Amino acid sequence: MINYRKGLTDRPEYDVVERAWKIKVNANECNMNLPPLVEERVMARLSHIAFNRYPNEEEDLLKENIAKCFALNKKNVLIGGGSSEIIEKLFYAFGGEGKKIVYPTPSFSMYRIYAYAAEAVGVPAPLNEEYTFDADKFIETVNGEKANLAVLCNPNNPTGGAVDIDIIEKIAQNIDCPFLVDEAYMEFYGKSAATLLKKYPKLLIARTFSKAYGLAAARVGYLLGDEKIISEVKKAYMPYSMNVLSLVTADVVYQMKSEYEPRIAMMIAERKRIAAELAKIGGVKVYPSETNFLLIRVGEGDALNDALVRHNIGVRSFGNAKNLENCLRISVGLREENDEVLNTIKLFFEGRD
């Protein structure tokens, strides 16, 4: 007999089934690889790595460079395998039987899975009808449930909307538990709650290198927070959990962030252009976005997705998912890719697909 851990069989999965799409705009990735100068520096750094040693120095260096950017100490920084792993560890650290973790819905689908894995009670706080965020309701839910952790994805995935920093401060002022702001898409928004860290010691900021900096394959993220909280959360990690290849690559990228500024500006411009073009199509509702993707709602989401699949275009279709019925999330790709996606959607609504 094979006996698995209690609850494992019923644990929900994250759907990562993929295919070789002609145009892949379904995972909020950056559709550009490393800038040439960054790639050159990465290869040069890797050529001097002592692969026989554990990556203590490389991790410390990355922490120091990140901390310096925020006028913090390296003890205020925790590195993880993407912000996703960091969030999973936070749920573990603050979870446990009977503990409650509050997060908006719809939002990052892994929050529910991480809460389940941490044997905590996930408490979804619904967004308003148009996916706007109600801070008063969120605060009321956090306090009413006596939550052990509150989480806000800002800007939000998959809806794309963002919450102003003064609203985040209002939440921090009015709840007692640790408060995580998941800023995976912050670079496209430009406004970070990191400015509030020194004022609110229970505030935590999670960031990733996967989106704006195109390091999805490397799996690197970081957490900013109070030294005592960082020290406790770190206990949830195995020793040497990060590999030297990812650490060195992320460190080079972080030091060369300016190389990415034109790319980020281009993705923002493309997002605005795509949104404007989609809004011209009758039957398409486009939700406001401060990210590298757009959420749209149509009358027949599955039919539109099928049409895109026939053209070998991969987008994220939510089907009949609660609160996301007939919605599709479309990442910003290269301009020529975006044009083909737009043309395919237009042909569908013209009945010519």
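List the pairs whose first member sits in segment 226-249 and is within 14 Å of LEU62 (Cα to Cα) and in the same structural domain as SER83 (by TED's automatic domain parsing), whose second member is β-branched (Val, Ile, Thr) and modelled with pLDDT under 95, and whose Cβ atoms are under 7 Å apart, counting only residues at least 6 apart or on separate chains?
The qualifying pairs are VAL244/ILE49; VAL248/ILE49.
Filter segment 21-66 down to the residues that are farther than 30 Å from SER331 by Cα and of a type in the set (Gly, Ala, Ser) and list them by number.
Residues satisfying the conditions are ALA44, SER47, ALA50.
May I ask you to list the residues in segment 279-301 that are of a type in the set (D, E, K, R) and under 25 Å from the mean Cα position of the chain (by Cα)?
LYS285, GLU290, ARG297
For LYS322, are the conditions met, namely being surrounded by fewer than 21 Cβ atoms within 10 Å (Cβ to Cβ), among the basic types (Lys, Arg) and farther than 17 Å from TYR131 by Cα?
no
Please determine whether any residue of segment 177-193 is free of Cβ contacts under 8 Å to residues at least 60 places away in the same chain, in a strand (DSSP E or B) and out of contact with any Phe, Trp or Tyr (no Cβ under 6 Å at 6 or more places or on another chain).
Yes, segment 177-193 contains at least one residue that is free of Cβ contacts under 8 Å to residues at least 60 places away in the same chain, in a strand (DSSP E or B) and out of contact with any Phe, Trp or Tyr (no Cβ under 6 Å at 6 or more places or on another chain).
Could you list all residues from segment 297-353 that are in contact with a strand residue (DSSP E or B) (Cβ under 6 Å, 6 or more places away or on another chain), in a loop (DSSP other than H, G, I, E, B) and not polar (S, T, N, Q)?
Once the filter is applied, which keeps residues that are in contact with a strand residue (DSSP E or B) (Cβ under 6 Å, 6 or more places away or on another chain), in a loop (DSSP other than H, G, I, E, B) and not polar (S, T, N, Q), segment 297-353 yields VAL315, PHE318.
Quick one: would you say VAL163 is buried (at least 22 other Cβ atoms within 10 Å of the Cβ), over 21 Å from PHE94 (Cα atoms) and of a type in the set (A, V, I, L, M, F, W, C)?
Taking the combined requirement at face value, the residue satisfies it.
State the number of residues belonging to segment 1-56 that are outside any loop (DSSP other than H, G, I, E, B), touching a strand residue (DSSP E or B) at 6+ places or on another chain (Cβ under 8 Å) and basic (Lys, Arg).
1
If ILE296 meets every condition in (1) assigned by TED's automatic domain parsing to the domain that holds ILE66; (2) buried (at least 17 other Cβ atoms within 10 Å of the Cβ); (3) of a type in the set (A, V, I, L, M) apart from one, which number is that one?
For ILE296, the failing item is (1).
Can you tell me which of (1) in contact (Cβ under 8 Å) with a residue 40 or more places away in the chain; (2) crowded, with 16+ Cβ neighbours inside 10 Å; (3) more than 25 Å from the chain's Cα centre (by Cα) is the one THR344 doesn't meet?
Failed condition: (1).
Would it be correct to say that VAL142 is β-branched (Val, Ile, Thr), out of contact with any Ser or Thr (no Cβ under 9 Å at 6 or more places or on another chain) and surrounded by fewer than 19 Cβ atoms within 10 Å (Cβ to Cβ)?
no
Among what's in segment 302-312 and is under 18 Å from GLY282 (Cβ atoms) and more than 27 Å from the chain's Cα centre (by Cα), pick the residue that is surrounded by the most Cβ atoms within 10 Å (Cβ to Cβ).
ALA307
The values are calculated or read from the model by the stated rules, or taken from the named source; none is laboratory data. These figures come from a predicted structure and were not determined experimentally. Glycine also receives a Cβ, built like all others from the backbone with ideal geometry; neighbour counts cover every protein chain displayed.
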